Amino acid sequence: MSTTPRTRLRTRLHAQRIPAAFALITAATLTLTACGSGGGDGGAGGAAPAGKSAKIPTTDVVSAVKKDEAAAKLLPADVRAKGSLRLATSVGGTPPGTTYLEDGKTLVGQDVDFADAVAKVLGVELDREEASFEAILPALDSGKYDLGTGNFGVTDERRKTLDFVTYINDGQGFAARKDSELTKVTDFTQLCGLNVATGAGTTFEATLEDNKHLCSKAGKEPYSVKTYADSSAIWSSLQQGRTDVVMSTINGLRYAVKQQEGVKFLNEFHRLDVGFAFKKGTKLAPAFRAAVDQLIKDGTYERILKKWGTQPSAIKKSQISPPEIKD
């Protein structure tokens, strides 16, 4: 939870849309988020079935985290003197992606806990601002923010212009209605002729568009990529039959399926490391890597994963901009 006193939240809340994460559901609806990512990207998390609120975990796993002097000393001198960092956070799904509690004020999610915990290890405050998923990465390059979270998957393409510090392993997966004949997607030609829903501006959209030609090559009708900026719209499109398949983060899909009736998780398709995103050449990376490793060492890391039910996505140590995982 973003309740730690060391975190400031500059809000552009648009509070009137907060209940949509829980109520904008047909029979049952929905980041992806960057994993998305969210993602892996942020943007297509999950949502509770109609008439039932999703049980968002609120266990405090951050406030007991202590500053680690060795990690803090790795921060640039100007950052240590200032004592704060500008963080852009993508909001729009439901756990484990970043969302608001029903009060419309309190941010929660796996990325929130990781960012707050790292900040405590480094002894800095976070000046957190909500930003759209697709706007964060360009804003990092321009210097508007020091870092961003949104379940950002570490891809070779992104590494050309950005740096990342990894803290979890997520990736790409698929889900469908339970009446779908699909049981596992191992090749994009299995999607030919179908409508595939995903988050706008995510690696999922790019992956789907890059592989659409495989259907024509196989003599089949290409699939259609339907993108949505609002995560709830992704799942309502599936439930209403306007789309046939959802491509999103592995962790987000697993959560969504647990919260909804009539949908099923198909399979993991491609694993990706997920990390904090920075401008290329950032001097913050060594400190953030040391902070994540400290969280792994002191047990906070495991507690965060347990809180959000994402233990299978644990990493053994943090890395700076590792090569994309190749299946």
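The values are calculated or read from the model by the stated rules, or taken from the named source; none is laboratory data. None of the values given here were measured: they were computed from a predicted structure. Here the Cβ is made from the backbone with ideal geometry for all residues, glycine too, and neighbour counts use every protein chain on show.
Things worth noting here:
- In the range 212-235, the qualifying residues are those that are surrounded by fewer than 16 Cβ atoms within 10 Å (Cβ to Cβ) and within 25 Å of the chain's Cα centre (by Cα), and the one that is modelled with the highest pLDDT is Ser224.
- A residue that is over 22 Å from the mean Cα position of the chain (by Cα) and either on the phi > 0 side of the Ramachandran plot or crowded, with 19+ Cβ neighbours inside 10 Å (or both) occurs somewhere in the range 192-200.
- Residue within the range 121-131 that is within 20 Å of Ala229 (Cβ to Cβ) and hydrophobic (A, V, I, L, M, F, W, C) present: yes
- Test: Leu266 is part of a helix (DSSP H, G or I) and either in contact with a Phe, Trp or Tyr (Cβ under 8 Å, 6 or more places away or on another chain) or buried (at least 24 other Cβ atoms within 10 Å of the Cβ) (or both): no
- Residues within the range 177-196 that are assigned to a strand (DSSP E or B) and out of contact with any Lys or Arg (no Cβ under 6 Å at 6 or more places or on another chain), tallied: 2
- Restricting attention to the range 58-72 and to residues that are of a type in the set (Asp, Glu) and over 25 Å from the mean Cα position of the chain (by Cα), the residue that is surrounded by the fewest Cβ atoms within 10 Å (Cβ to Cβ) turns out to be Glu69.
- Pro286 being part of a helix (DSSP H, G or I), out of contact with any Pro (no Cβ under 9 Å at 6 or more places or on another chain) and within 23 Å of Gly143 (Cβ to Cβ): yes
- Of the residues in the range 291-302, at least one is among the aliphatic types (A, V, I, L, M) and under 18 Å from the mean Cα position of the chain (by Cα).
- For the range 241-263, residues that are buried (at least 24 other Cβ atoms within 10 Å of the Cβ) and on the phi > 0 side of the Ramachandran plot total 0.
- Only listed residue being touching a helix residue (DSSP H, G or I) at 6+ places or on another chain (Cβ under 9 Å) and farther than 28 Å from Glu69 by Cα, chosen from Arg158, Arg128: Arg158
- Residue selected from the range 236-245 under the condition touching a strand residue (DSSP E or B) at 6+ places or on another chain (Cβ under 7 Å) and not in a loop (DSSP other than H, G, I, E, B), by the criterion modelled with the lowest pLDDT: Gln239
- Tallying residues that are of a type in the set (Ser, Thr, Tyr) and within 13 Å of Phe114 (Cβ to Cβ) within the range 147-162 yields 1.
- Here the range 246-262 is the region considered, the condition is being at pLDDT below 95 and β-branched (Val, Ile, Thr), and the residue that is nearest to Thr207 (Cα to Cα) is Thr249.
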